[in-house]
Amino acid sequence: MSASFVGSVVGTALFGIVLAVGNPAALGELRVAADFPGGSAEVLSIDSEAAEIEICPALQFDRGWPCWWYFRIDGANAGKLIRVTVRANQAEYRQGQQLAPHWALPKRAAISTDNRNWVQTDAAVLEADRITYQLTAPAETFWLAWGPPYQLADAEALLADVAGKTETAQRYELAKTRDGRPVHALRVGPPDAKTAVWLQARQHAWESGSSWVADGFLRWVASDDPAAIRLRQTTEIHFVPIMDVDNVERGAGGKDSTPRDHNRDWDDAPGYPEVAGAQREIKKLVADGRLRVFLDLHNPGPKDHRPFYFGPSDYDRLPEPTRRDYDRFLEVSLHRIAEPSGFCAAYRFSSYIKTEEERNRVSRYWVARQGGPEVVSLTLETSWNTPDGTVPGYRQVGMGLAETLAEFLERP
Ligand SMILES: [Zn+2]
């Protein structure tokens, strides 16, 4: 399916070039391209005269939900109205599975004139299976995406930046993916610290916001805030901004991919090398008796308008001190992550997962079993379908999470 997607985009681009060469009047011809890291669009129609484009997210069979889209528009009339319709892709993304439309249709899209700095569009009108963004074209060339993209190059730049200015920060390669890409990781703090923390993002490729939350987290950890300095002196933090690098770079959704969802791969025989790599490192921290907190970052459903944690579904059966730790972590989060969208005051549990066997293969459960009563193991879900689903909004949540961690560890 990805071949036909590439074909359609390349075909459109070539058509535009041929027209432009043959006919100067055709320079105003609109074109769509998605042949870059993370790009995803299948062109359904382009009407240059009416300034209307219709696309759907590209389907990459067995590569997860077709909800992520990210493409470049060339040939726009700067300052003029342009209508971009995104239609949900309801073809089967794996045997017998179709995706409900609303995952692909954010109320506000991300827009950029340099493919680096992203802002939100105005709210668009949602119909059953499509949404139309009415834009004033900000330039002849601009980019549109489901949300602010965060690619391997962004992770690379962040880690290089932090490693360059933070004394105890050390980069390492967690794994090579199945397709041979590097999974970048960083550790900060003394390697013999009594306390260790693991934070990872983006097991689900479409959830770009989770990488931006991670970005905000690490920037605070590496900052001059006295609490951050103390945290770096007392705690070793492992940080992985993108786990499913392959699907992130291919522009695939990742969630529910075949043979296994990335976040249901946490058993004794994981299929993803980066899951195996994380398990190996986490087991070492547990064996040393140092792992205290595990955080796995995600984005939730379109109607979840406040961030929340998935916590332990065996909460009622936890030993009293462990339950107190979970309570305290949530309590501190309510204060520290109050901005920009508030925070859900109660844990949610993964009751939507049908069997216990499958739930046990979710990262937070695997880590909780490995780590035992000393470890707080949580999945953070940060809302995206709101005015705060932006780079600054996500970073603010990440900063609040880092402050939460520092306060939690400082006051036992
Ligand atoms: Zn997820």
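FYI, it's all coordinate maths here, none of it is from the lab. A quick note: this is a predicted structure, and the numbers were derived from the prediction, not measured. Positions of Cβ are backbone-derived with ideal geometry, glycine not excepted, and every protein chain shown enters the neighbour counts.
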Per-residue HN-Hα couplings for the stretch 161-172 [Karplus 6.51, -1.76, 1.60; θ = phi - 60°; Hz; x = Gly/Pro]:
4, 5, 5, x, 10, 10, 4, 8, 7, 9, 7, 8
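Hey, what does the equivalent ellipsoid look like for the stretch 186-265, semi-axes from the Cα gyration tensor as sqrt of 5 times each eigenvalue, largest first, whole Å?
Numbers: eigenvalues 172, 37, 12 Å².
The answer is 29, 14, 8 Å, longest axis first.
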Once both axes come from the Cα atoms, what is the angle between helix 208-221 and the longest principal axis of the chain, in degrees from 0 to 90, rounded to 10?
50
For the Cα atoms of the chain, what angle does the longest principal axis make with the long axis of helix 2-22, in degrees from 0 to 90, nearest 10?
40
Longer than 30 Å from Cα to Cα, which of K255/K283; K194/K303; K255/K284; K80/K303 are they? Say none if no pair is.
K194/K303; K80/K303
Can you list the HN-Hα couplings for the stretch 336-341, worked out from phi with the Karplus curve (6.51, -1.76, 1.60; θ = phi - 60°), rounded to whole Hz and with x for Gly and Pro?
6, 10, 5, 9, x, 10
Once the chain is represented by equal point scatterers at the alpha-carbon sites, with solvent omitted, what log10 I(q)/I(0) does the Debye formula produce at q = 0.09 Å⁻¹?
-0.54
Based on the Cβ-Cβ distance of R317 and R83, what FRET efficiency does E = 1/(1 + (r/R0)^6) give at R0 = 56 Å, to the nearest 0.05?
0.55
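Which of I46, I237, I282 has the fewest other C-beta atoms within 10 Å, and how do the rest follow up to the most?
Values: I46 20, I237 26, I282 23.
Sorted ascending by nearby Cβ count, the order is I46, I282, I237.
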Quick one: divide the alpha-carbon radius of gyration of the stretch 174-329 by 2.2 N^0.38 Å and tell me what you get.
1.08
Two-site label geometry, T136 and D35: point separation in nm, points 7 Å out along Cα→Cβ
3.4
Take Q90, project a point 7 Å from its Cα along the Cβ direction, then tell me which residues of the stretch 109-149 have their backbone nitrogen under 15 Å from it.
127-131
Which of A160, A145, A50 fluctuates most in a GNM of the chain (C-alpha springs under 10 Å)? That residue is A50
Have a look at the DSSP beta bridges in the chain and tell me what percent are antiparallel, nearest 5.
65
Out of residues 5 or more away from L99 or on other chains, whose amide H comes under 5 Å of its own, with H placed 1.01 Å from N in the peptide plane?
Y93
Residue-wise HN-Hα coupling along the stretch 241-246, computed from phi with Karplus coefficients 6.51, -1.76, 1.60 (Hz; x: Gly, Pro):
x, 9, 8, 8, 4, 4
For the stretch 88-190, state which trypsin sites (Lys or Arg not before Pro) are in a DSSP loop and have at most 14 other beta carbons lying within 10 Å of their beta carbon.
R116, R178
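Please give the charge dipole size of the stretch 214-335, origin at the Cα centre, charges +1 on K and R Cβ atoms and -1 on D and E Cβ atoms. Round to the nearest 20 debye.
Values: 18 positive and 23 negative charges, 53 e Å.
Charge dipole of the stretch 214-335: 260 debye, to the nearest 20.
For D179 and E356, FRET efficiency with R0 = 35 Å and r from the beta-carbon atoms, rounded to 0.05? Intermediate results must be reported in sequence, preceding the final value.
Numbers: r = 32 Å, r/R0 = 0.91.
According to the calculation, E is roughly 0.65.
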Sorting check: for 64-73, 354-363, which peptide has the highest mean count of neighbouring beta carbons within 10 Å, and how do the rest follow?
64-73, 354-363
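Quick one: order E410, E49 by neighbouring beta-carbon count within 10 Å, fewest to most.
Numbers: E410 12, E49 8.
Lowest count first: E49, E410.
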In deg cm²/dmol, rounded to 500, what helix-only [θ] at 222 nm does the chain give when every DSSP H run of at least 4 residues adds -39500 (n - 2.57) and the total is split over its residues?
-10000 deg cm²/dmol
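Set the Förster distance to 22 Å, then compute FRET efficiency between A227 and K194 from the Cβ-Cβ distance, nearest 0.05. Show your work: numbers first, answer last.
On the way: r = 18 Å, r/R0 = 0.80.
E between A227 and K194, to the nearest 0.05, is 0.80.
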Run the simple label-point estimate for R411 and N115 please: 7 Å along Cα→C-beta, distance reported in nm.
4.7
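Add +1 for every Lys or Arg and -1 for every Asp or Glu among the other residues with Cβ under 12 Å from the Cβ of K176, and state the total.
Summing Lys and Arg as +1 and Asp and Glu as -1 gives -2.
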For labels at Q170 and A100 in the simple 7 Å Cα→Cβ model, what's the distance in nm?
4.6
How high is the relative contact order of the chain, in percent, counting Cα pairs under 8 Å that sit 6 or more residues apart?
16
Cα centroids of the stretch 362-412 and the stretch 337-361: how far apart, whole angstrom?
11
